[in-house]
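In what follows, a structure is listed as structure tokens, so that the remarks can point back to it.
Derivation of every value follows stated rules applied to the coordinates shown; laboratory data play no part. These figures come from a predicted structure and were not determined experimentally. Note that we place each Cβ from the backbone using ideal geometry, even for glycine, and neighbour counts take in every protein chain shown.
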Amino acid sequence: MYEKLKEIREKKGYKIEDMAVIINKSPCNYFKKENGDVKFSVNEALLISKFLKCKVEKIFFENELSENEKGGGNG
């Protein structure tokens, strides 16, 4: 699940229906994507990032990096 996306969306006062319009999908499809059942395309991620005025990395990747990707690994 994209918890950070949901958190940012709700904080900014947007509904699932609003986000569905941004990526040109049905609200049901958007819900499945935000819930993690269906992956977002790169283009959809960029559209959401621009709409929410938030970096793609913050929305989609912040909590999903492994320790090595965070720079904490030794090799």
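Of note:
- Among (1) exposed (fewer than 14 other Cβ atoms within 10 Å of the Cβ); (2) part of a helix (DSSP H, G or I) - the single one I8 does not satisfy: (1)
- Of all residues in segment 11-44, those that are more than 16 Å from V56 (Cα to Cα), without any contact (Cβ under 8 Å) to a residue 12 or more places away in the chain, of a type in the set (A, V, I, L, M) and part of a helix (DSSP H, G or I) total 2.
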